[in-house]
Amino acid sequence: MIKMKKPTAVSLNGQIESDLLKKRVKKYADLKNFFEIVDENISDDTVMYEVDMVLKENCDMQYAITTIHPLLVNGQCNMTQGHFHGDKDFGEIYQGISGKGALLLVDKEGNTTVEKVFPGSVHLIEGYVGHRTVNTSDEEALKIGCYWSKHTKGYNRQAMLDCPFTINIYLENGKEKLKQNV
Ligand code: PA5
Ligand code: MN
């Protein structure tokens, strides 16, 4: 009898089940300097966001869900650190799963643009574009699915410092406010 194998992973409602699951957690201590003003009321060990990854040996493609917790840092919306890809020839696909937020994109000329993220939104990110995701709610976690290739060769964080995002997002009276850096 031919038996069907179980899938590599089951990804439902922003939750992944898989034998191949790996977790990456970013705490406030590692992220605070990326916000405009350090917030002394947030403890260093606060988990800001989590990345649940499914990585399979000898497989070119990888899958992850990023969960960005609903937190404000002196009114500024919680966000990922952001990166360029190690190999700028390889891009990535993001898909909004739950919550609401924004995707900041910085191109090779240093121009920052913003796309709305919501359940079902799809984002094609070119390899040469730096990207960061922002949770614009202080109540609900923002979850995004990510699909990318091993050929992206990891995260280029240095390039992000050389070519930073020029827009920050705040929550004011429950409404998101986009501010241009001066
Ligand atoms: O592959 C991606 O772009 C995502 O999975 C990100 O790594 C994730 O959203 C976390 O962001 P960062 O890599 O900036 O910590
Ligand atoms: Mn990426």
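The table below lists the values:
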{"read-out": "Accessible-area composition of the chain, carbon plus sulfur, in percent [1.4 Å probe]", "value": "52 percent"}
{"read-out": "Accessible area expressed per residue, region 12-98, with surrounding protein chains retained (probe 1.4 Å, Å²)", "value": "52 Å²"}
{"read-out": "Net charge over other residues, Cβ less than 11 angstrom from the Cβ of residue 134 (K, R count +1; D, E count -1)", "value": "+1"}
{"read-out": "Burial order of peptide ranges 18-24, 160-166 (average beta-carbon count within 10 Å, highest first)", "value": "160-166, 18-24"}
{"read-out": "Exposure rank, largest accessible area first [143, 116, 27; 1.4 Å]", "value": "116, 27, 143"}
{"read-out": "Inter-site label distance for residue 93 and residue 151 at 7 Å from Cα along Cβ, in nm", "value": "1.5 nm"}
{"read-out": "Net length gained if the chain between residue 108 and residue 179 were fully extended (0.36 nm per residue, minus Cα distance)", "value": "23.5 nm"}
{"read-out": "Rounded, prolate or oblate (a/c below 1.5 giving rounded, otherwise prolate when a/b exceeds b/c) for region 89-182 by Cα gyration tensor", "value": "oblate"}
{"read-out": "Segment residue 22-residue 2, length gained on full extension (0.36 nm per residue, minus Cα span)", "value": "4.1 nm"}
{"read-out": "Full-extension gain in nm, residue 39 to residue 172, via 0.36 nm per residue minus C-alpha separation", "value": "46.2 nm"}
{"read-out": "Cβ-derived FRET efficiency at R0 22 Å, residue 122 paired with residue 10, nearest 0.05", "value": "0.60"}
{"read-out": "Volume per residue of the C-alpha convex hull in the chain, rounded to whole Å³", "value": "128 Å³"}
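The values are calculated or read from the model by the stated rules, or taken from the named source; none is laboratory data. Fair warning: this is a prediction, and the values are worked out from it, not measured in the lab. Using ideal geometry, Cβ is built from the backbone for each residue, glycine included, and neighbour counts are taken over all protein chains shown. What goes into the accessible areas is simple: the full protein's heavy atoms, side chains included, and nothing from ligands, DNA or RNA. Shrake-Rupley method; radii C 1.70, N 1.55, O 1.52, S 1.80 Å.
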